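The values are calculated or read from the model by the stated rules, or taken from the named source; none is laboratory data. In this text, all values refer to a predicted model and were calculated from it rather than measured experimentally. When we count neighbours, we look across all protein chains shown, and the Cβ atoms used for this are built from the backbone with ideal geometry, even at glycine. Heavy atoms of the whole protein, side chains included, go into the accessibility calculation; ligands, DNA and RNA do not. Shrake-Rupley method; radii C 1.70, N 1.55, O 1.52, S 1.80 Å.
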Amino acid sequence: MPNIAVIGAQWGDEGKGKVIDLLSEHFDVVARFQGGPNAGHTVTIGTTRHALHHVPSGVFRPRVRVVIGNGTVIDLARLLEELERLRASGVETDGRLFVSDRAHVILPLMKQLDAIAEADPLHRIGTTQRGIGPTYEAKAARWGVRMADLADLDHLESRVARLLAGPAGRRLGENGSPLPEPAVVAQEAHALWKQLAPRVVDTTLLLNDWIDEGLRVLFEGAQGTLLDVDHGTYPYVTSSNTMAGAVCAGLGVSPRLIEGVIGVFKAYSTRVGEGPMPTELDDGPDGIGERLRRRGNEYGTTTGRPRRCGWFDGVAGRYAQRINRFDAACVLLLDVLDPFDEIRVAIGYRDAGIDVRSVPASAAQAGRIEPIYRSFAGWKSDTTGVRRWQDLPAAARAYLEGLEEIVGAEVALAGVGPERSQVLIRPGTWLARQLNLG
C-alpha cells in the first residue's frame, strides 16, 4: 500500500472520517495536515458513534500512530478533552499520538475575535466561532503562538503581549472587550501545554524517518476542496488550504512521497454556513432538501447546525478532480437517496444565458448561476443491507457510473450506512488493487 492522501471533494462533511477509519487498517500512520476543531470527523463502530475534532480518524486502530501536523491549529483545552473522551471509551493514545511543535495555538482571545467578526453583518461568513480564522490570520501575519512557544513561560508571555499590542488587541479594544493580561493568558496556556508536552515533537522529522523506514502513511484532510482558502468559494471558505497539494506544507513531506489521492464525495451536496451553493434545495419542510437533511442526519459534528442540502454538483465535482487529480472517488451516503423516484445531478452552469464551464472565482457570480441538470432514475429500494458492489440495484450502479463520467474520476467505493461493514469496494478499481482485493 503506497502513501495516500484522503481529501474532501465538496464543502466538507463528506464522510472522510469513515473512509480514513476503514483504510487505516492498511496503514502504519495517519497524519492530519490542516484545520482545527471546527472540522469534525464522525466514525461509527458497532453501535458507538465517535466524534473527533483534532485527532486523526486512524486512532481507533490500536497499532496505528496518529499525527497532528504543523498545518493544523490547536485548541489546547479541547484537545485534552477529546483525549480524555477517547480514554473513557477505551481508546488509548499514549505513545502513539504526536502533535507538531510547529502547529499554531488557538488562544481564548482568538474565539473572542471570531465572535466579533461573526456579529458584524459585513464580515459574517458563517464560521463555527472556534477561533480558527483569527489563529490562521495571526500565523500569516507572523504574530501567532506555536506549540513550541509554550514551553518557556517568559518567552510565551512576550509573544502574547506582542499579539495584544497588535491588530488583535486593537480589535478587542474597539469592540469594548477588556484586554486580558498577557501573564494570565501565558500561564493558562503553559499549564495546558504541560499536560500535552510528552506528545509535542518535531513531527516532520518523525514522518520522514518513518517513511524512510518503510512505514505506510495515510494523509488526512479536514473540510473539503470547495472550502480551500485559495481555490474554494472565497470568501466563504475556511482559513487553510484543504486540497491535496497542501499535504506537503501541512506536514513537511515531499510531494514525491504522496503516491495516491482519494477524493470523498457525498451522493448529494451539503454545505454549512454562508456562501453560494448552486444546487441547494431550499424548498420548505416537505421538500426534497429537507428530506435529504432528515435522511442523512445532516447536522454538523462540531456545532450541530443543520446543513444546507441539494443535488450532487457535478461541475464542482469536476473542479475538485481537476485540482486534486483523484486516483479514486468514494461516494458515501448513497442510501440517503434510496426512496427517491428521480435523482438529479448538475452537469453545467448558466449565467444570464451564457454557459459557465467551471466554479466561478467571483462569489457574486457563483451566487446567481443556474445549474443545468441531468436526471437519473431512482432505485426505490433499501441499499443498507447490500455488502457487495454487484448486489447494488442496477439504477444505483448506473447513478455511480454517471457520477464517474461527470466528475472524471473512477468511483471505487460506495457507502450505504454509517458502520464499517456498510462500505462497498468496487472490484477491479485502483483502490481495490491497493487493498489487494483484485
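Laid out as a table, the results:
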item: Cα pair distances exceeding 20 angstrom across the range 1-93, given as percent; result: 30 percent
item: Fraction of antiparallel bridges per DSSP, the range 232-384 only, in percent to nearest 5; result: 70 percent
item: Antiparallel DSSP beta bridges within the chain, as percent of all bridges there, nearest 5; result: 40 percent
item: Length added when fully stretched, Ala141-Lys194, from 0.36 nm per residue minus Cα-Cα; result: 16.4 nm
item: Under 19 Å from the Arg305 label point (7 Å along Cα→beta-carbon), backbone N, the range 224-248; result: 224-230, 232-242
item: Rounded FRET efficiency, nearest 0.05, which uses the C-beta distance separating Leu153 from Gln390 and R0 of 60 Å; result: 0.45
item: Computed label-point distance, nm, for sites Ala361 and Leu179 using a 7 Å Cα→Cβ extension; result: 3.9 nm
item: Straight-distance crosslink candidates among lysines, where the alpha carbon sits under 29 Å from Lys16 and sequence neighbours closer than 8 are dropped; result: Lys111, Lys139, Lys266, Lys380
item: Given charges at beta-carbon only (K, R positive; D, E negative), |dipole| of the chain in Debye; result: 280 debye
item: Percent accessible area from carbon and sulfur atoms, the range 187-329, protein chains only, probe 1.4 Å; result: 47 percent
item: Dimensions (Å) - the chain, Cα atoms, principal axes, largest first; result: 66, 52, 39
item: Share antiparallel - DSSP beta bridges, the range 1-90, percent rounded to 5; result: 50 percent
item: Cβ-based net charge around Ala9, under 15 Å, with every Lys or Arg adding one and every Asp or Glu removing one; result: -1
item: Virtual spin-label span in nm between Ala161 and Arg350, 7 Å along Cα→Cβ; result: 6.4 nm
item: Estimated inter-spin distance, Thr44 and Val91, nm [label 7 Å along Cα→Cβ]; result: 1.6 nm
item: Full-stretch length increase - Gln187, Asp341 - with 0.36 nm per residue and alpha-carbon distance subtracted; result: 49.4 nm
item: For the range 354-400, diffusion coefficient by Stokes-Einstein and Kirkwood Rh (Cα), 4 °C, 1.567 mPa s, µm²/s; result: 93 µm²/s
item: Extension gain (nm, one decimal) between Asp382 and Asp282, 0.36 nm per residue minus Cα-Cα; result: 33.4 nm
item: Protection proxy ranking of 315-321, 274-280 - average other beta-carbon atoms within 10 Å, highest first; result: 315-321, 274-280
item: The range 285-438 - convex hull of the alpha-carbon atoms, volume per residue in Å³; result: 143 Å³
item: Among Gln390, Gln34, Gln129: highest mean-square fluctuation, GNM of the chain, C-alpha pairs under 10 Å; result: Gln390
item: Local electrostatic count at Leu76 - Lys and Arg +1, Asp and Glu -1, tallied over other residues with Cβ under 14 Å; result: -1
item: Nearest-0.05 FRET efficiency for Val201 and Ala115, computed from C-beta distance (R0 35 Å); result: 0.60
item: Heavy-atom accessible surface of the range 101-171: percent carbon and sulfur, 1.4 Å; result: 53 percent
